[in-house]
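A.B. asks: I have a structure here, written as structure tokens, and I will follow up with some questions on it.
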Amino acid sequence: MVDDHPIVLSGIGAMIDGQVDMTIVGLAANADEALETIGKALPDVAVIDISLPGVNGVMLIERLLERYPSLKCIALTAHEDPGCLRQVLAAGGRGFVVKRSTTTDLLQAIRCVLAGDNYVARILSPRSSVQGDAGNLSERERSVIQLVAFGYSNKEISSRLNLSIKTIETYRTRATDKLELHSRAAIVRFAQSVGWLAELQ
């Protein structure tokens, strides 16, 4: 467990250590401590706060996976935007849990990545309903809306798919109309509900 706030570090560490199927083998407050501790303990999973002083959590995940490719890293963060999620997954993170999640969510994330899957916690309020049916989208509409959910701008999607920005805007509008999604937040929640965020790792 890596977090620069002692109360969070000890509290979550104790909670994880209290599980019959989990054991905390090390606690660290920054990237240097994490590299040293993980090098000695060789854990199966590292839960890492993104907002670390100096080397941030995303950079730490990259460095850890360069040294220990089999390590499964879960990001724990107060940031709830798709751009942050994209950075974590691009760095090789297997889980993304926001700090306002319940302890059950974090435990589920740990068990999920240990089983070989990716885990993305509910980024948005569970009270908001998921609309639409992904099966109604064309392949191109699906690609565009999936990239939007992952935090890419229309310009970045245009470059990635080798299509004009105007064409991207058209596909995006068609997709959001079909799915009745009227904000980026709604798009992210829908993408999460159908498993698209994990697909883009």
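A.B. asks: Counting Lys and Arg as +1 and Asp and Glu as -1, each charge on the Cβ, what is the dipole of the chain about the Cα centre in debye, to the nearest 20? List each step's numbers first, then the result.
C.D. replies: Working: 21 positive and 23 negative charges, 144 e Å.
With only Lys, Arg, Asp and Glu charged at Cβ, the dipole is about 700 debye.
A.B. asks: Taking θ = phi - 60°, what integer Hz values does the Karplus form 6.51 cos²θ - 1.76 cosθ + 1.60 yield along the range 94-106, in sequence order, with x for Gly and Pro?
C.D. replies: 9, x, 9, 10, 8, 5, 8, 5, 7, 4, 4, 4, 5
A.B. asks: Also, I was wondering about something else. Taking Rg/Rh (Cα atoms, Kirkwood Rh) straight from the coordinates, which label in (i) 1.04; (ii) 0.97; (iii) 1.02 is the correct one?
C.D. replies: (iii)
A.B. asks: Suppose only helical runs count, i.e. DSSP H with n ≥ 4. What mean residue ellipticity at 222 nm does that imply for the chain under -39500 (n - 2.57) per run, divided by all residues and rounded to the nearest 500 deg cm²/dmol? Before the final figure, lay out each step's value.
C.D. replies: On the way: 10 runs with 104 residues, N = 201.
Taken over the chain, the calculation gives -15500 deg cm²/dmol.
A.B. asks: In percent, how large is the relative contact order of the chain, given Cα pairs closer than 8 Å and 6 or more residues apart?
C.D. replies: Answer for the chain is 15 percent.
A.B. asks: Sticking with this one: Projected onto the charge dipole of the chain (+1 at Lys/Arg Cβ, -1 at Asp/Glu Cβ, origin at the Cα centre), which of GLN192, MET59, THR104 gives the Cα projection farthest towards the positive end?
C.D. replies: It is GLN192, whose Cα lies furthest towards the positive end.
Taken together, the values in this text are just the output of simple stated rules run on the coordinates, not laboratory data. The structure displayed is predicted, hence computed values, not measured ones. Virtual Cβ from ideal backbone geometry, glycine too; neighbours counted across all protein chains shown.
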